[in-house]
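> Dumping the structure here so I can ask a few things about it.
The values are calculated or read from the model by the stated rules, or taken from the named source; none is laboratory data. Please read these numbers as outputs of a predicted model, since none were measured by experiment. Don't worry about glycine lacking a Cβ; one is built from the backbone with ideal geometry, like all the others, and counts go over all protein chains shown.
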Amino acid sequence: MFPIQLPRLSQYLWTLCVHLVIATFLLTVADSFNEQDYLVGRKQVTHNPSELSDAQFLEYSNLSDKQHMREAIRNILVPRVVGTGNHTIVRQYIVQSLRDLGWHVELNSFHDTAPIVGALHFHNIIATLNPQAERFLVLACHYDSKYMENVAFLGATDSAVPCAMLLNLAKVLQEQLEPFKNTNVSLMLLFFDGEEAFEQWGPKDSIYGARHLAKLWQDQGKLDRIDLLVLLDLLGAPDPAFYSFFANTELWHMRLMALETRLSQRGLLQRYMSSGVSQHDPTRYFQPQATRSAYIEDDHIPFLQRNVPILHLIPMPFPSVWHTPDDNESVIDYATTENLALIVRLFTLEYLHGGVAQTK
Ligand SMILES: [Zn+2]
């Protein structure tokens, strides 16, 4: 076990209008981490995922619902700026979809003011399989889209596709997740509201929902119930590259790498890395390097600052269409989207099965 080293958030970073500071060095994941156990949590919880047997791996890998994925993307892929009618429609769609699948869903609603638009009513969506669980694997994304003057910005990668992937996970794994409605280690899906800045990215104009919820849960003593917060953002474009950003979740990044390798070796990924536009290791999504100096500001920051272990599934570099009107349906690569969704589903099942094994 070792203490979590939190990077200090320099004040000047908040003044940047983009939420990316380019990485300046890379580490090889395997070389920089020797700990045997999977260390997560402020209570120094040790959690071992249960590696899936070949039979389980094949069974779970063959589960998918591509039609549902497209339908979910279509339902979310509208301009959905906080406070607009579309934003309400998308929120209701997410809430109803999960309730229909038997999830416990609640809204965390609050008021805040934003530049340009003024007073707003925000709603984070919190969906749990077992609201009484002691610990959660949390998969998160943001469902609002960016306000742009005179542009109907759709935010396909930012973050309609990540939200659709979470809904699709609930749909595809409906049967497999059923037992985790009664376990102590369970699953939470979190849809943050108000991630986007209205005028200029800064500490008071961005991640409205995440800032509110992290503080609320700290005040309520609930943050320790989050084993690991996996934040999905800017997904759906072809050939993403993911790096490990945080030492205390490096072994979880390696689990994602291992799952990707296992899938590719069995030929279970679609049109894998064949778009031809890759600028990095063309053979894989999850890269065997870590980066410690990239500072990407996103919904995880208020949780990171409160010592919640974070796995940030955001590609580096960002998709080229980021925060442009071109972040629309045409940028979505459905093969990549399905491949990533599959890796996240298997990761989730490994994690939850490990939780059951642990508490037996
Ligand atoms: Zn954005």
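> Considering each residue of the stretch 190-233, count those that are within 16 Å of the ligand (Cβ to nearest atom) and not aliphatic (A, V, I, L, M), and give that number. Write out each step before concluding.
Going through the stretch 190-233, the residues within 16 Å of the ligand (Cβ to nearest atom) turn out to be 191-202, 205-211, 231-233.
If we keep only those that are not aliphatic (A, V, I, L, M) as well, we get 191-196, 198-202, 205-206, 208-209, 211, 233.
Count: 17.
> Please work out which residue is surrounded by the most Cβ atoms within 10 Å (Cβ to Cβ), limiting yourself to the stretch 176-213 and to residues that are among the basic types (Lys, Arg) and in contact (Cβ under 8 Å) with a residue 24 or more places away in the chain.
Step one: filter the stretch 176-213 for residues among the basic types (Lys, Arg), giving 181, 204, 211.
Remaining after also requiring in contact (Cβ under 8 Å) with a residue 24 or more places away in the chain: 181, 211.
Working: Lys181: 17, Arg211: 20.
Filtering first and then ranking leaves Arg211.
> Assess whether Lys171 counts as being outside any strand (DSSP E or B), more than 12 Å from the ligand (Cβ to nearest atom) and of a type in the set (D, E, K, R). Working first, answer last.
On the way: outside any strand (DSSP E or B): yes; more than 12 Å from the ligand (Cβ to nearest atom): yes; of a type in the set (D, E, K, R): yes.
So Lys171 passes the test.
> Whether any residue in the stretch 102-121 is of a type in the set (Asp, Glu), away from the ligand (no atom under 16 Å from the Cβ) and either closer than 26 Å to Leu340 by Cα or not in a strand (DSSP E or B) (or both) is what I want to check.
Residues of the stretch 102-121 that are of a type in the set (Asp, Glu), as a first pass: 106, 112.
The next check asks that each one be away from the ligand (no atom under 16 Å from the Cβ); those that pass are 106, 112.
Now drop any that are not either closer than 26 Å to Leu340 by Cα or not in a strand (DSSP E or B) (or both), which leaves none.
No, there is no match, as no residue in the stretch 102-121 is of a type in the set (Asp, Glu), away from the ligand (no atom under 16 Å from the Cβ) and either closer than 26 Å to Leu340 by Cα or not in a strand (DSSP E or B) (or both).
Yes/no matrix, rows are residues, columns are (1) among the acidic types (Asp, Glu); (2) within 30 Å of Gln174 (Cβ to Cβ); (3) surrounded by fewer than 16 Cβ atoms within 10 Å (Cβ to Cβ); (4) modelled with pLDDT of 95 or more:
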| residue | (1), (2), (3), (4) |
| --- | --- |
| Ser275 | no, no, yes, no |
| Val321 | no, no, no, yes |
| Glu329 | yes, yes, yes, yes |
| Leu342 | no, yes, no, yes |
| Ala357 | no, yes, yes, no |
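> Also, quick follow-up: For the stretch 127-160, which residues satisfy the criterion of being among the acidic types (Asp, Glu) and either away from the ligand (no atom under 11 Å from the Cβ) or without any contact (Cβ under 8 Å) to a residue 12 or more places away in the chain (or both)?
Glu134, Glu149
> Of the conditions (1) at positive phi; (2) among the aliphatic types (A, V, I, L, M); (3) buried (at least 17 other Cβ atoms within 10 Å of the Cβ), Ile116 clears all except one; give me its number.
Among (1) at positive phi; (2) among the aliphatic types (A, V, I, L, M); (3) buried (at least 17 other Cβ atoms within 10 Å of the Cβ), Ile116 violates only (3).
> Does at least one position in the stretch 60-82 carry a residue that is more than 22 Å from the chain's Cα centre (by Cα) and at pLDDT 95 or above? Reasoning before the result, please.
Our first condition is that a residue be more than 22 Å from the chain's Cα centre (by Cα); within the stretch 60-82, this holds for 62.
Imposing the further condition that a residue be at pLDDT 95 or above reduces the set to 62.
Within the stretch 60-82, one or more residues are more than 22 Å from the chain's Cα centre (by Cα) and at pLDDT 95 or above.
> Looking at (1) closer than 30 Å to Phe57 by Cα; (2) modelled with pLDDT under 95; (3) surrounded by fewer than 20 Cβ atoms within 10 Å (Cβ to Cβ), can you tell me which one Arg225 breaks?
Arg225 satisfies every listed condition except (2).
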